[in-house]
Amino acid sequence: MRKFLALGLTALLLASWGGSVARAQPRSGGPRIEWEVKSRFRLFRSEADFQRHVAADRGDGLLAAEDRLERESDGRGWARDTVERLCTDRAGRLLDTCERDGTQEDYLAPRDHRVGLLLGGVVPANTGCAWEFDDGSGPPRQVTAPCEEEVALRVLYGRTTTASVDILLPDGTAQRIVTDVAVRDILIAGIGDSIAAGEGNPDRPVRLSEEGFCFQRFLGTTRSEYYRPGRDGFTGNRSCSFDIADERANADWARQSARWESGPCHRSLYGYQLRSALGLAVENSHIAVTFLPLGCSGARIDAGFLGSQRIAECPSPGTNAACPGSSPAQIDELKELLAKVHRRAPERNLDLVLLTIGANDILFSGLIANVIIQSTTDRILLGRGGAIASVEDSQKILDGDLPANFARLRAALKPLVGGDLSRVLYVTYGNPVLGSGNTLCAGGRDGFDVHPAFSADSARLQQVSEFLSGSFLPAIKSLALCEGKSCRDAAHERMTFVEGHQAAFASHGLCAHSNEDPEFDRACFSPRGNSFRANQREAALDPMTCGRPASEYRAYAPRARWIRTANDSYFTALTYPQGQSALLQPSNIHAVMADATLPVMRAAVGLQPLAQPVRAEPLPPVNVGTTPRSTR
């Protein structure tokens, strides 16, 4: 599905995708043992949730699979139910012990894995099959079953289990097939900012009311009031006499929020990092993937990665009562998790780190605010609060603080990956202000009229685009690859750089349109900026000029734009109850980034299409009547 990332005044980032999955071809010939790890993306509690992604896979890439899932869900999103069945609590913290399909498992250091074995190829006529499994830890386990049935067992992690099956033939003889079963569990951490987290893509989008909710601009005058669709189910005052200090009303508002894997960090199952790790598990049936999601919207290197960061919202129901004021440093969280891993399984190490960070460091959300906020009063007030930044402000940071902070980031990560930063995959950004045909967006209110102060200024838009393409993106690549003198030990500090998604992304920015865009978008989001009623009396009852209910909006329907406009972001998450944080949350489609990342991940951990080792051995005649009984 097309998943979007938030690019807000509090956290704004970008990305994209490309790639395909290499698939092993089935072999013809005699019988063979085929086996697979069950529910092998271990963040999911339920095998059924994982199998949904296996079924969507056609070997044509994650973007295509996401599109299938989008259509299957009628644009409502595949994660809306899955988010309730994760090995995390409601705030997104990983559980030490997780019940997965009825079995309690140590999430960080699994003792064993559930596998299924089945006879493939041409199986001769038979009277049944006798299986035996030997891992050297005790007497072999024996199972009898019809040869066409899958046999299930749990195999110890870190051990090789020899699996053999005797195909009992009608003439009283048997044919034995033998193979080895060894599960590789790959440990992957995802860290970084809004792009890493999946901002803009709540696992369950907000439900919008068909009636209006009154917002106020920064000046509390009557003329500053305006109505937009509110949150469905909110029972409080919808007029502009709403008391922002009313705790009961605020709690009711929070209960109607969008649902995130981590509410405090706006972390989502749609983020490219999780989608890449999930894709690796889907395409490789002999591995398991243990994913550590740590990305947090708004994170910078100094505040977010190396230090704690302030949390702006706790939207998820169930987390509001204990909402933290800040999120801990991601590097500290990662160290703590790895310390638990090493206490339980000293030989287990971190295989890969997925990283995207740096855009918040150079005030990217401030650059976007500078582009879209046109009201003089609003610009003055936001400028005083530091929410607006110029290209000159960003360039100064890019030349000054960012290289030193990036060096600190490298130093902090290096010991966690065995001194080799090539195991850190830095997935870069894309340029969000390009539209169809790799052309610069024209500006205006198209996609931005959800707030009266919004309208993209074409001149400032061009300045930002040139800064991103000509300065920021080359600089962040140079830092990640240790070009120049940015690293003391380039051979061990050079990260693996992922940029294969940028070409595809260049034609799908925030102004891209298509005749295949959702009907609601084409009917209700006016290119001229007239999407909402100006008359407050009418808008309080029906805020949309198209006359259609806001609830018809589908956050995860396919669109030409892979960046959420301000309108898209409001209709997806509706995060500002008083309209005082002028929000732009464009976000790109994460599956494209995942498509670009997946082949690099595959190469980094040495995964290739698996050729199943099979040994065929003749056996002397057996007495079928003494076949071992099943121990399943």
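The values are calculated or read from the model by the stated rules, or taken from the named source; none is laboratory data. The shown structure was predicted, so the numbers you read here are calculated from the model rather than taken from an experiment. Cβ atoms come from the backbone with ideal geometry, glycine included; neighbour counts cover every protein chain shown. Just so you know, the surface numbers come from the protein's heavy atoms only, side chains and all, with ligands and any DNA or RNA stripped out. Shrake-Rupley method; radii C 1.70, N 1.55, O 1.52, S 1.80 Å.
List of remarks:
- Filter result (of a type in the set (S, T, N, Q) and over 21 Å from Met593 (Cβ atoms)) within region 330-382: Asn349, Asn370, Gln374, Ser375, Thr376, Thr377
- Of all residues in region 224-275, those satisfying the criterion of being more than 22 Å from Tyr553 (Cα to Cα) and aliphatic (A, V, I, L, M) are Ile244, Ala245, Ala249, Ala251, Leu274.
- Any hit, region 12-29, residues being open to solvent by 20 Å² or more (accessible area, probe 1.4 Å) and at pLDDT 50 or above: yes
- Matching residues in region 479-488 - criterion: being open to solvent by 80 Å² or more (accessible area, probe 1.4 Å) and either touching a residue at least 12 places away in the same chain (Cβ under 8 Å) or under 30 Å from the mean Cα position of the chain (by Cα) (or both): Glu483
- Qualifying residue in region 110-118 (condition: assigned to a loop (DSSP other than H, G, I, E, B), closer than 19 Å to Lys38 by Cα and either free of Cβ contacts under 8 Å to residues at least 12 places away in the same chain or in contact with an Asp or Glu (Cβ under 7 Å, 6 or more places away or on another chain) (or both)): yes
- Region 85-103, residues that are modelled with pLDDT of 95 or more and either touching a His at 6+ places or on another chain (Cβ under 9 Å) or crowded, with 20+ Cβ neighbours inside 10 Å (or both): Leu86, Cys87, Leu94, Cys98, Arg100
- Residues in region 390-431 that are of a type outside the set (Gly, Ala, Ser), open to solvent by less than 10 Å² (accessible area, probe 1.4 Å) and farther than 16 Å from Thr356 by Cα: Val417 alone.
- Test: residue in region 399-413 that is free of Cβ contacts under 8 Å to residues at least 40 places away in the same chain and touching a helix residue (DSSP H, G or I) at 6+ places or on another chain (Cβ under 6 Å): no
- Filter result for the condition that a residue is touching a Cys at 6+ places or on another chain (Cβ under 8 Å) and among the charged types (D, E, K, R), over Arg100, Arg76: Arg100
- Residue, least open to solvent (accessible area, probe 1.4 Å), within region 273-316, restricted to residues that are without any contact (Cβ under 8 Å) to a residue 24 or more places away in the chain and not small (Gly, Ala, Ser): Gln309
- Single residue of Phe532, Phe472, Phe520, Phe454 found to be touching a residue at least 12 places away in the same chain (Cβ under 8 Å) and farther than 27 Å from Ser551 by Cβ: Phe472
- Only residues that are under 22 Å from Gly200 (Cα atoms) and touching a residue at least 40 places away in the same chain (Cβ under 8 Å) were counted in region 362-381, giving 11.
- Scanning region 489-506 for residues being under 19 Å from Leu479 (Cβ atoms), aliphatic (A, V, I, L, M) and surrounded by fewer than 16 Cβ atoms within 10 Å (Cβ to Cβ) gives a total of 2.
- Note on region 360-389: among residues that are touching a Lys or Arg at 6+ places or on another chain (Cβ under 8 Å) and either open to solvent by less than 10 Å² (accessible area, probe 1.4 Å) or of a type in the set (A, V, I, L, M, F, W, C) (or both), the one that is modelled with the highest pLDDT is Val371.
- For region 320-344, residues that are in a loop (DSSP other than H, G, I, E, B), open to solvent by 10 Å² or more (accessible area, probe 1.4 Å) and within 16 Å of Gly298 (Cβ to Cβ) total 4.
- Residue match in region 37-45 (condition: on the phi < 0 side of the Ramachandran plot, open to solvent by 20 Å² or more (accessible area, probe 1.4 Å) and not basic (Lys, Arg)): no
- Residue within region 183-202 that is more than 27 Å from Val353 (Cβ to Cβ) and either modelled with pLDDT under 95 or surrounded by fewer than 20 Cβ atoms within 10 Å (Cβ to Cβ) (or both) present: no
- Residue selected from region 104-158 under the condition out of contact with any Phe, Trp or Tyr (no Cβ under 7 Å at 6 or more places or on another chain) and of a type in the set (Val, Ile, Thr), by the criterion surrounded by the fewest Cβ atoms within 10 Å (Cβ to Cβ): Val122
- Some residue of region 345-359 being assigned to a helix (DSSP H, G or I) and either open to solvent by 10 Å² or more (accessible area, probe 1.4 Å) or in contact with a helix residue (DSSP H, G or I) (Cβ under 8 Å, 6 or more places away or on another chain) (or both): no
- Residue that is farthest from Ser327 (Cα to Cα), among those in region 69-102 that are part of a helix (DSSP H, G or I) and among the acidic types (Asp, Glu): Glu72
- Among residues of region 78-104 that are closer than 17 Å to Leu274 by Cα and in contact (Cβ under 8 Å) with a residue 40 or more places away in the chain, those with a Cβ under 6 angstrom from a residue that is buried (at least 19 other Cβ atoms within 10 Å of the Cβ) and of a type in the set (Lys, Arg), sequence gap 6+ or separate chain, pair up as Arg80/Arg204; Val83/Arg259; Arg85/Arg45; Gly92/Arg267.
- Residues of region 519-530 satisfying the condition of being surrounded by 13 or more Cβ atoms within 10 Å (Cβ to Cβ) and charged (D, E, K, R): Asp521, Arg522
- Consider region 253-285 and keep the residues that are assigned to a loop (DSSP other than H, G, I, E, B) and modelled with pLDDT under 90. The one that is farthest from the chain's Cα centre (by Cα) is Gln256.
- Some residue of region 531-544 being assigned to a loop (DSSP other than H, G, I, E, B), of a type outside the set (A, V, I, L, M, F, W, C) and open to solvent by less than 40 Å² (accessible area, probe 1.4 Å): yes
- Matching residues, region 148-160, being among the β-branched types (Val, Ile, Thr), more than 31 Å from the chain's Cα centre (by Cα) and closer than 13 Å to Glu36 by Cα: Val151
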